[in-house]
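The values are calculated or read from the model by the stated rules, or taken from the named source; none is laboratory data. Only a predicted model underlies this, so the values are computations on that prediction, with no experimental measurement involved. All Cβ positions, even for glycine, are placed from backbone atoms using ideal geometry, and neighbour counts span all protein chains on display. To get the accessible areas, we keep the full protein, side chains included, count just its heavy atoms, and leave off ligands, DNA and RNA. Shrake-Rupley method; radii C 1.70, N 1.55, O 1.52, S 1.80 Å.
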Amino acid sequence: MSTQRAGVTRIKRKTVKPTNVKITDTYMEYQLGQARVKITFEPPPKYYVIEPTLSEDSKKLFQQILEELYLSLTYEEAQDPEKIMSHAERIAAVLKGLSIFRKEKDAFRYLLLREIQGYGVLDVLFRDPYVEEISIEGPNIPVAIIHKEVPGARWIDTNITFRDDDELNAYLTWISQKVGVVPSTAFPIVEYALPEGHRVIVFYGREVTGRGPGMTVRKFPEEPFTAPKLLSYGTMSPLMMAYLWLFVENKAFMFIIGEMASGKTTTLQSLLTLVPVDAKIVTIEDTPELRLPHTHWQPLYTRTSFAVSEQSTKTEIGLMQLLKASLRTRADYVIVGEARGAEVQYLVQAAAMGQGSMSTFHAGSAQEALVRLRSPPLNVQESFLALIWAIVLMRRVLSPQGRWVRRAVRIWEIVASETGVEPMEMFQWDPATDTFMPDDPEEVIRRSFRLKMLAEIRGWSEDDLYWELKTRMDFLQRLLEEGIVSFEVASRRIIDFYMRRAKEKRS
């Protein structure tokens, strides 16, 4: 791979549906377009990328063609594979290499599109829908991935490595330029989202790292998660989702907690698809991740300044400013992608004003979350903690079948007592059976303080409350049984659910 790279494109590189999938006791193999992937299961597992290759005679010609294309292609031409190949063939003719080019045209096509429209040597990792995260820790260290289909594995080494700091720094600069960001020794840490929504953090050079340049990518699924899709993964039960749906619909204040990569944002995304269709929603994030089907959805994003100036902080816009501004938008829901600091005060104010509020939060239990919320720099007062309806704990765990899965392992309600607010457990995951308890709507209603409070607010009898909970649970179960998990179809069915309910209330 050349250390001299150019070309800035904002083409969205789509994942590819694996074909010819073969799974045995010792390996998994599948095709991704012209590339092939093989994963060996023997510990430690390894992920092998097998791509079309060029002969030694063709490699020099390839680099010459690629450099000329970077200089000559317009942005519009770079979008069209056929125009790329047409230009490449003309360049090959000028370089007296037309016969070589035509002889290995398929390999030239694959590699040129990989470099111009894709992500170079890591392109297969970006296009593989089974790969959830990508990690580079330095040169001569295998690039590692998290693969959702490999049982019992955490990070898996690939057969991809970078030779030295120069090659790796060149790659990190090139990939960052796709979104107009340039890491440097002055700004060695940069964070951004790629056109597909993947979250990236880059460590440039050796300014802050001991092993050399690095990068971590958290891939974002092309299709947003919905409530039934989350259920299809077994992340929670339809009863748990129906229970949380009632909270979401009635503008509750909730936190989704857990460790990194435990599924917090995915769960938040799924729950937000259950918000009433006519609601106005403001989402506030550092990196765009949430995508909603609602007409009146206003996504807000923070802005970081990379200017070398004492005045640079004046151009930055943080979570605190966006949250403060959101309180003036008359939104029904104010959602923060991840709450970390004093901005939580404004989220609490939104809840106190009657707006639905939700956020993700790093904590290992409801008790730990409450301690963090009480402590500096968050400093949430005890009276405001009583506004929290529920806390959902997400974890990445081993299933009884030996597969790493994400589960809502606990759900607590937050109730006030004479000594302050305390968590009361409502749901629990059983690791032995991979099931959730309780599984009876009547038992949930019997135990839930918040559902009884909701029934009182809505003027529901106990029978009404049971019917509301059971109706939503049965609806979600039907969607699951019918295999309706896609964002478009599931969103349409949820909208239809709300429209039917509105008609029933009018009649």
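Residue under question is Thr185, and the condition is that it be of a type in the set (Ser, Thr, Tyr), open to solvent by 30 Å² or more (accessible area, probe 1.4 Å), touching a Pro at 6+ places or on another chain (Cβ under 9 Å) and in a loop (DSSP other than H, G, I, E, B); does it hold? So Thr185 fails the test.
Can you confirm whether Thr283 is outside any helix (DSSP H, G or I), open to solvent by 10 Å² or more (accessible area, probe 1.4 Å) and among the polar types (S, T, N, Q)? Considered against the rule, which asks whether it is outside any helix (DSSP H, G or I), open to solvent by 10 Å² or more (accessible area, probe 1.4 Å) and among the polar types (S, T, N, Q), Thr283 comes out as no. Of the residues making up the range 32-45, just one is in contact with a Ser or Thr (Cβ under 8 Å, 6 or more places away or on another chain), assigned to a loop (DSSP other than H, G, I, E, B) and surrounded by 15 or more Cβ atoms within 10 Å (Cβ to Cβ), namely Phe41. Filtering the range 444-495 to residues that are more than 22 Å from Tyr233 (Cβ to Cβ) and in a loop (DSSP other than H, G, I, E, B) leaves Ser448, Gly459, Trp460, Ser461. Count of the range 437-482 residues, restricted to those that are within 30 Å of Pro400 (Cβ to Cβ) and either small (Gly, Ala, Ser) or open to solvent by 20 Å² or more (accessible area, probe 1.4 Å) (or both), is 16. Reported count of residues in the range 316-359, each being open to solvent by less than 10 Å² (accessible area, probe 1.4 Å) and without any contact (Cβ under 8 Å) to a residue 24 or more places away in the chain, is 0.
Please indicate, with yes or no, whether at least one residue in the range 55-66 is within 24 Å of the chain's Cα centre (by Cα), open to solvent by less than 30 Å² (accessible area, probe 1.4 Å) and among the aromatic types (Phe, Trp, Tyr). Looking for residues that are within 24 Å of the chain's Cα centre (by Cα), open to solvent by less than 30 Å² (accessible area, probe 1.4 Å) and among the aromatic types (Phe, Trp, Tyr), one finds none in the range 55-66, hence no. Those helices (runs of 4 or more DSSP H) of the range 46-161 in which 3 or more residues are under 23 Å from Pro195 (Cα atoms) occupy 56-72, 75-78, 81-94, 105-116, 123-127. Out of everything in the range 200-226 that is within 26 Å of Val16 (Cα to Cα) and among the aromatic types (Phe, Trp, Tyr), what residue ends up being surrounded by the fewest Cβ atoms within 10 Å (Cβ to Cβ)? Filtering first and then ranking leaves Phe220.
Sub-9 Å Cβ pairs linking a first residue in the range 405-420 that is on the phi > 0 side of the Ramachandran plot to a second residue that is among the aliphatic types (A, V, I, L, M) and open to solvent by 20 Å² or more (accessible area, probe 1.4 Å), at least 6 apart or interchain, are Gly420/Ala386, ordered by first then second residue.
Only one of (1) in contact (Cβ under 8 Å) with a residue 60 or more places away in the chain; (2) assigned to a loop (DSSP other than H, G, I, E, B); (3) surrounded by 15 or more Cβ atoms within 10 Å (Cβ to Cβ) is not met by Leu378, so which one is it? Answer for Leu378: the failing condition is (1). For the condition open to solvent by less than 50 Å² (accessible area, probe 1.4 Å) and assigned to a loop (DSSP other than H, G, I, E, B), Thr15 qualifies.
A count restricted to the range 72-95 and to residues that are of a type in the set (Gly, Ala, Ser) and under 16 Å from Glu115 (Cβ atoms) stands at 4.
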